[in-house]
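Report on one structure; see the data block that follows.
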Amino acid sequence: MVSEILQESASNNRQMTSSTAQQLDGYLSEVPIPRSDNPLAYWRNNHGRSPELAKMARKYLSAPCTSTDSERLFSVAAHVLDEKRNRLHCDKAEKLLFIKKNLPLYLKK
């Protein structure tokens, strides 16, 4: 899949993606940090080695500044688990919510 993404990119984006792929390979070859450590502190300290990954980590690991997303998720959950679906197992409800939230992100690609 990574090779397909690289082929679709323009030459300028291809160089950036190649650099990001190298950063990702380097990160994946490292020993994982302990679960008790702060991942944001790790990326702050290792920003020089993997700047693109550090930027993504700041974006996805930090807490959102508003509760709007969580409120929307509860609203969607109320539509999934209602009086007509009161026997829906929690694992299936969780999967439905995950797909509802993440499918639009996948389709954007």
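The values are calculated or read from the model by the stated rules, or taken from the named source; none is laboratory data. The structure presented is a predicted model; accordingly, all values stated were derived computationally and were not measured. Cβ sites come from the backbone with ideal geometry, for glycine too, and all protein chains shown count toward neighbours. SASA here: full protein model, heavy atoms, side chains in, ligands and nucleic acids out. Shrake-Rupley method; radii C 1.70, N 1.55, O 1.52, S 1.80 Å.
Numbers for the structure displayed
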{"item": "Enumeration of residues in the range 17-69 that are over 29 Å from Lys101 (Cβ atoms) and of a type in the set (Ser, Thr, Tyr)", "result": "Ser18, Ser19, Ser29"}
{"item": "Matching residues in the range 41-75 - criterion: being open to solvent by less than 50 Å² (accessible area, probe 1.4 Å) and touching a helix residue (DSSP H, G or I) at 6+ places or on another chain (Cβ under 6 Å)", "result": "Trp43, Ser50, Leu53, Ala54, Ala57"}
{"item": "Flag for Gly26 being exposed (fewer than 10 other Cβ atoms within 10 Å of the Cβ), over 18 Å from the mean Cα position of the chain (by Cα) and modelled with pLDDT of 85 or more", "result": "no"}
{"item": "Those residues of the range 41-62 which are at pLDDT 90 or above and over 19 Å from Asp25 (Cβ atoms), in sequence order", "result": "Ala41, Arg44, Asn45"}
{"item": "Cβ-Cβ under 6 Å pairs, at least 6 apart or on other chains, the range 20-38 side free of Cβ contacts under 8 Å to residues at least 60 places away in the same chain, far side surrounded by 13 or more Cβ atoms within 10 Å (Cβ to Cβ)", "result": "Thr20/Glu52; Gln23/Ser50; Gln23/Glu52; Gln23/Leu53; Tyr27/Ser50; Tyr27/Leu53; Ile33/Tyr42"}
{"item": "Sole exception among (1) outside any helix (DSSP H, G or I); (2) surrounded by 10 or more Cβ atoms within 10 Å (Cβ to Cβ) for Pro32, by number", "result": "(2)"}
{"item": "Set Arg72, Arg49, Arg85: member being without any contact (Cβ under 8 Å) to a residue 40 or more places away in the chain and under 27 Å from Ser19 (Cα atoms)", "result": "Arg49"}
{"item": "Which listed residue is touching a His at 6+ places or on another chain (Cβ under 9 Å) and assigned to a helix (DSSP H, G or I), from Ala54, Ala41", "result": "Ala54"}
{"item": "Residues that are open to solvent by 60 Å² or more (accessible area, probe 1.4 Å) and either in contact (Cβ under 8 Å) with a residue 24 or more places away in the chain or in a loop (DSSP other than H, G, I, E, B) (or both), drawn from the range 88-109", "result": "His89, Lys100, Lys101, Lys109"}
